[in-house]
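The values are calculated or read from the model by the stated rules, or taken from the named source; none is laboratory data. The structure presented is a predicted model; accordingly, all values stated were derived computationally and were not measured. Cβ: placed from backbone, ideal geometry, glycine included. Neighbour counts: every protein chain shown.
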């Protein structure tokens, strides 16, 4: 068991680890290293020429007003998506962990949007926003829905958030439910004997005891919404006039449509750094609130 | 008191079902309208269809090459999930039972890579594989899914295998069983609960994935279902009725799996997230 790796058991390593480590290295490690290198070159797809140019690509990223605007747009989108999805998921989960009748069915139902991939989901909401809601607006004279939400930057922004949050809610709900079931029953009973009301039970007992679930849910919703691509593609296609391009969408366009691989990759690295900093800060801050049950 | 409480809980359940109904309205609207003509949809998107005809489904089926997309998705999802599960189980076992330095290095790298977004890897990946002329085959895509799926798989199996007592394998070794045989006849059968978790998470991920296949599979006959949906919508963008039928058809396969596996799916998500 604790034998040293030698020629004799190198076979074991190759047989058990070979295929997965090889694939992992070829798909994750090497592209990661090459990717970092790429950000310091001016690689040209058509000619294949490439030379080191230092931090020029990164400077270009921070000089590119469009990218910075889209990064800011992405940050706002992520913030609202994370807050809305988590608040709804939290309360739906709370309502669905009381052991009432039909709970299993309700959970199953709220989870269904997660079976649908981003492309299908995006087109589904596109149909609703561009056809069904304007129909309602015209029929009942609701000004809010008179024109399609997707033709105006401000409303298209909310359309994106609604579609993403709609999918995330069910997923986060499942995790919150798991967190709530971990709250010991005797603590809840003791609180109700002491005459604590529903709100104070949630605020003083359930919230502090489910901090781990909250950390995970915020982390998942953060990283998922930061990397949204297909919902964006199917729902707004970045329009009107490229005003709803999320960061990932912008990077894909930059790299694969305008062939600026180096700059695109530098943008991806910047995006990654932003996600990492935000995710680490949130889990650090929330972990401080954690208590032992 | 008791009767009051029962009424209250009945009301609450009723309210929750109402909420669920509102939540699922987008699906209902799409289903309803997939049976109408596009003209009827424009005139009254909220009314129930007067006749149930499957014309839109037939037209979507032909125009989006549903069968081809479905078969490609089925093959790619089926094979990648199988190889991810088998190879990560083996590697997870290797990492738990053999405390070699290489093993801990790779285990650490795999853990760290889980925080890495796909967006950081996609450009160099497409560049490298494109230069080697390896794009546009299913084989490359399968290999990539293996590489991306392995870290989480190994991590999950690692956690589970740690809890299996070594004595079980030891007795097999004493009787002269090879490591490979011991693994397949003793360890693998014990891993069933983890299989289901990974199966569920990986199927949902790979079946619905759009970005990676869109970068790797370039020719029309290779398209997976999400890619066919995209092409279908871009080329028929005004004829809504068949488009909605197309959406429903792409959802149905996963929905069927869900109805059979819903308990495991929910369990899988919980375990996958809390690990």
Number of the condition not met by residue A:237 [criteria: (1) at pLDDT 80 or above; (2) buried (at least 17 other Cβ atoms within 10 Å of the Cβ); (3) closer than 28 Å to residue A:278 by Cβ]:
(2)
Output the number of residues of the range A:69-96 satisfying the condition of being surrounded by fewer than 18 Cβ atoms within 10 Å (Cβ to Cβ) and outside any helix (DSSP H, G or I).
0
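Look through the range B:235-258, keep the residues that are at the interface with chain A (Cβ under 9 Å from one of its Cβ atoms) and over 13 Å from residue B:36 (Cβ atoms), and return whichever of them is surrounded by the fewest Cβ atoms within 10 Å (Cβ to Cβ).
B:255
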In the range A:255-293, residue farthest from residue A:42 (Cα to Cα) [restricted to those that are buried (at least 16 other Cβ atoms within 10 Å of the Cβ) and free of Cβ contacts under 8 Å to residues at least 24 places away in the same chain]
A:272
Tell me, please, whether a residue that is more than 14 Å from chain A (Cβ to nearest Cβ) and either within 13 Å of the chain's Cα centre (by Cα) or assigned to a helix (DSSP H, G or I) (or both) can be found in the range B:206-220.
yes
For residue B:94, are the conditions met, namely being without any contact (Cβ under 8 Å) to a residue 24 or more places away in the chain, within 12 Å of chain A (Cβ to nearest Cβ), crowded, with 16+ Cβ neighbours inside 10 Å and closer than 30 Å to residue B:140 by Cβ?
yes
Some residue of the range A:34-54 being within 13 Å of another protein chain (Cβ to nearest Cβ), part of a helix (DSSP H, G or I), under 30 Å from residue A:236 (Cα atoms) and under 26 Å from the mean Cα position of the chain (by Cα):
yes
Got a sec? Which of A:147, A:112 is touching a residue at least 12 places away in the same chain (Cβ under 8 Å) and either away from chain B (no Cβ under 12 Å) or in contact with a strand residue (DSSP E or B) (Cβ under 7 Å, 6 or more places away or on another chain) (or both)?
A:147
Every listed condition ((1) surrounded by fewer than 17 Cβ atoms within 10 Å (Cβ to Cβ); (2) without any contact (Cβ under 8 Å) to a residue 24 or more places away in the chain; (3) out of contact with any strand residue (DSSP E or B) (no Cβ under 7 Å at 6 or more places or on another chain)) holds for residue A:66 save (2)
Subset of the range A:205-250, residues in a helix (DSSP H, G or I) and under 18 Å from residue A:126 (Cβ atoms), comes to A:230, A:231, A:232, A:233, A:234, A:235, A:249
